[in-house]
Structure formats: structure tokens, C-alpha cells
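Worksheet: the structure to be examined is printed underneath.
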Amino acid sequence: SYREIDPLLTSVGQEQATKLGEHMKKNWRNFEIQCVYASPMIRTLQTARFAFDGIDAKREVWTDIYEVRGPRKNGVPFPGSTRSQLATMFPEFEIPNEINEKGWFFKETVETLEEAENRARNL
């Protein structure tokens, strides 16, 4: 089955993220959000942008936050967006040094479910 490597957020996703942001602003007034963490995947950064629009919080990209197996094209690892691409598209986010002009995902083997669970526990 075809799977787009690093797709944009759909219009439905944009609407859902915007509604989430409106819900948080209305119902979480006494909860201070200090930092927003997002994966370097384009749609997660877009989701964070829509959901946390107008919320004064630090924004950081974390390279260990990504879907199981990471970005792959026909089973081959895909390095993802480059540092300059992410900086241009998402200037409000701090981009870690491990993201360079070759991308951010360089794992050669397919991640197992157990490895993904361990990665998630270590965040």
C-alpha cells in the first residue's frame, strides 16, 4: 500500500487542531503551557502550530518523537526534512543540532515495536 513519506496536515487535520486549541484556551485557563514538543514530521509541526496558536510557550522539535518505524519510502529509511527546510517552514520552533542539511532520520534498520516502546519510555 502507498504511504506518503512526510505528508502535510489535511484540511480536516487543520480544523481538528484549531478546535483543540480553542478548547484548551477555553477550558485550561489555569494550566500554563510552558513548552510544546513536536516531531520533525511536517504534519506534527503543523498540528502544533494550529493547536497552540496564540499560546505563549517555547516550541521545540524533538527527533525522538516520531511514528513507529519512522519515515520510510518503499521500506527504505527516508531522512526527512532538512534543517533549513524546517527553519524556513517553522521559524517559531527551536531545531536541535542533530537535524542537519541531510535530514534527521538516519536509522538503517526497521524499528521493532519493542524498540519503539523503549524510545517512547525514554522521552
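The values are calculated or read from the model by the stated rules, or taken from the named source; none is laboratory data. Keep in mind the model is a prediction, meaning the values are calculated, not measured. Every residue, glycine as well, gets a Cβ built from its backbone with ideal geometry; the counts of neighbours run over all protein chains shown. Ligands, DNA and RNA are stripped out before the accessible areas are found, and what is left, the full protein with its side chains, is counted by its heavy atoms. Shrake-Rupley method; radii C 1.70, N 1.55, O 1.52, S 1.80 Å.
Some notes on this structure:
- Extreme residue, surrounded by the fewest Cβ atoms within 10 Å (Cβ to Cβ), among residues of segment 95-113 that are outside any loop (DSSP other than H, G, I, E, B) and modelled with pLDDT of 95 or more: ASN100
- The single condition from (1) within 28 Å of VAL110 (Cα to Cα); (2) touching a helix residue (DSSP H, G or I) at 6+ places or on another chain (Cβ under 7 Å) that LEU20 fails is (1).
- Output for segment 46-81, where each listed residue is closer than 18 Å to THR18 by Cα and assigned to a strand (DSSP E or B): ARG59
- Some residue of segment 19-28 being closer than 29 Å to PRO71 by Cα and free of Cβ contacts under 8 Å to residues at least 12 places away in the same chain: yes
- Checked against the criteria, ASN118 counts as open to solvent by 60 Å² or more (accessible area, probe 1.4 Å) and part of a helix (DSSP H, G or I).
- Extreme residue, least open to solvent (accessible area, probe 1.4 Å), among residues of segment 11-36 that are at pLDDT 95 or above and not in a helix (DSSP H, G or I): VAL36
- VAL110 without any contact (Cβ under 8 Å) to a residue 24 or more places away in the chain and either within 15 Å of the chain's Cα centre (by Cα) or over 30 Å from MET24 (Cα atoms) (or both): no
- Residue within segment 41-48 that is surrounded by fewer than 18 Cβ atoms within 10 Å (Cβ to Cβ), within 11 Å of the chain's Cα centre (by Cα) and not hydrophobic (A, V, I, L, M, F, W, C) present: no
- Taken over segment 49-94, residues that are basic (Lys, Arg) and exposed (fewer than 15 other Cβ atoms within 10 Å of the Cβ) amount to 2.
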